[in-house]
Amino acid sequence: MSTTPYPKPRQLHHHNHHTCTRTHQIGALALIATTFFTTRFFFTDHSLSPPLTAHASLDNVAAVRFDPGRPFSWPEIGYGSYLRVKIYVYGEDEVDGLKELLYGRDRRISPESCVKGQWGTQVKIHRMLLKSKFRTLNKEEADLFFVPAYAKCVRMMGGLNDKEINQTYVKVLSQMPYFRLSGGRNHIFVFPSGAGAHLFKSWAVFLNRSIILTPEGDRTDKRDTSAFSTWKDIIIPGNVDDGMTQEGAPMVQPLPLSKRKYLANFLGRAQGKVGRLQLIDLAKKFPNKLESPELKLSGPNKLARKEYFEHLRNAKFCLAPRGESSWTLRFYESFFVECVPVVLSDQVELPFQNVIDYTRISIKWPSTRIGPELLEYLESISDEDIERMIEHGRQVRCLYAYAPESQPCSAFTGILWELQRKVRHFHQSAETFWLHNTTVVNRDLLPFSQWKPPMPLP
């Protein structure tokens, strides 16, 4: 029986083999170390200084990064090392219909009347982008496109009704060649209320690929489907009163834990919601532990903002149940009176989840277990643990303040990092085609440079 002729192993001749001595090993290690540190020296940027710096050598584009030594930092994977996104902001005179979405049909609604209150993010983000170092005036170099609209405020103040809002949005979108080019994938819209993108009735047809900035991640209580997608949209913080978020002396100062009268509080309307009604009933049974007064939030006896925050700061825990939608502004407000927020909204989505560990700064309790058990649990938490959570919250609450871009930490900068993660450098839609010479055309083979509005929407 024959055997397979495997090649014989190569013979090593002793007279050609040099023994590896300890001296050789030390020399090899020294060479490796020298190579490593030399490479690190030449390939590491030494111009960065914490916490947030501009970098001028990246293609002459403004770029910034967070110092990893902060309590939070954006992970490099998926975001990049530097913030250098380019955003084009549509001008109000550039597209027919934008002024109606900004100021109403009669152009009488002032942005100043829209910047205050719960929905002011629609104005603040627009204003900050107009002044941002990451804004570009060149559409061809833009990574993303921002479509300004104060539709929620305009609707609340009678400037447009639901039908008019829907028609105006469709009119605006049909005049944007770059929206058609990408199918809306690189266009940004702000919907600052609990209604989310449902404010635009036809969102599912026209904005199902676009980037939506909203504090609301769930509306399945009133709609068949939520307009929020974790894959393309971005949760943004609500608009906390500027008097509480400003640097220096806020409108109301936090109280020491020892001087707070209540264990917990719930300051809000019942709105017929089960969880809120349960808290109001619980406060009647345990009035010395849980404060839940019947606050007048409208009318001649409306509670002033300062009085509201003075109530809010008087407890160790601020309860944030679901209202008309899953998110509540009270969650964000609690950080500025240094009261630990207790989320009682099962479907809530929170912002900047890749950089904030919410288990260290808040509590999320099942809304199905609202009752004496909740108060017993909160009572069991030591002041030392509460102080630790407050300190962690103090370190990250800057991400809930819509401060100028010059501030090293703000909600706006956080939103920019999240937007950068959404950037695609190749754009297509069902109505976009391309030829062998890189020319982009429509279904009629008309080059992109010749597309004229109004255009059929993708």
| task | Give me the percent of the accessible area of the range 288-437 that comes from carbon and sulfur atoms, probe 1.4 Å, all protein chains in place. | result | 46 percent
| message | I need the peptides 424-432, 387-395 ranked by packing, meaning the mean over residues of other C-beta atoms within 10 angstrom, with the highest value on top. | response | 387-395, 424-432
| request: Provide the packing ranking of 99-110, 73-84, 441-452, i.e. peptides ordered by the mean count of other C-beta atoms within 10 Å per residue, highest first. | output: 99-110, 73-84, 441-452
| aspartates and glutamates whose Cα lies under 14 Å from that of K86, excluding same-chain neighbours fewer than 8 positions away | D59, E140, E141, D143, E418
| Which of the pairs K139/K452; K261/K364; K232/K302; K124/K316; K131/K152 have their Cα atoms more than 27 Å apart in this structure? | K232/K302; K124/K316
| query | Per the 1.4 Å probe, what fraction of the accessible area of the range 76-167, in percent, lies on carbon and sulfur atoms? | reply | 46 percent
| query | Bin by bin, in steps of 5 Å, what percent of the Cα pairs in the range 266-391 do you find, going until the bin that has the longest distance? | reply | 2, 10, 21, 25, 22, 13, 5, 2, 0
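Can you work out the FRET efficiency for the pair F448 and Y358, with r the C-beta to C-beta distance and R0 = 51 Å, to the nearest 0.05?
With R0 = 51 Å, the Cβ-Cβ based efficiency is 0.70.
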| said: Quick check: Cα centre of the range 292-332 to Cα centre of the range 172-197, how many Å? | reply: 33 Å
| query | Once the piece of chain linking R305 and K285 is laid out straight, how much longer is it, given 0.36 nm per residue of separation minus the C-alpha distance between them? | reply | 4.4 nm
| remark: For Q118, placing the label point 7 angstrom along Cα-to-beta-carbon and taking the range 171-200, residues whose amide nitrogen sits under 19 Å are 190-200
| field | Electrostatic dipole magnitude of the range 238-303 [Cβ: Lys, Arg +1; Asp, Glu -1; Cα centre; debye, to 20] | value | 420 debye
| In sequence order, calculated HN-Hα J values of the range 320-326 (Karplus, 6.51, -1.76, 1.60; Hz; x Gly/Pro) | 10, x, 5, x, 5, 9, 6
| request: Could you calculate the FRET efficiency of K201 with M251 from 1/(1 + (r/R0)^6), where r is the beta carbon distance between them and R0 is 56 Å, rounded to 0.05? | output: 0.90
| query | From the square roots a ≥ b ≥ c of the eigenvalues of the alpha-carbon gyration tensor of the range 198-289, which class results: rounded (a/c under 1.5), prolate (a/b over b/c), or oblate? | reply | oblate
| message | 5 Å is the cut-off here: which amide hydrogens, built 1.01 Å from N in the peptide plane, fall below it relative to V89, excluding neighbours closer than 5 in sequence? | response | T136, F146
| query | Heavy-atom accessible area per residue, the range 103-185, 1.4 Å probe: how many Å²? | reply | 44 Å²
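The values are calculated or read from the model by the stated rules, or taken from the named source; none is laboratory data. No experiment lies behind these values; they were computed from the predicted model shown. When we count neighbours, we look across all protein chains shown, and the Cβ atoms used for this are built from the backbone with ideal geometry, even at glycine. Accessible surface is based on the protein model in full, side chains and every heavy atom, while ligands, DNA and RNA are left aside. Shrake-Rupley method; radii C 1.70, N 1.55, O 1.52, S 1.80 Å.
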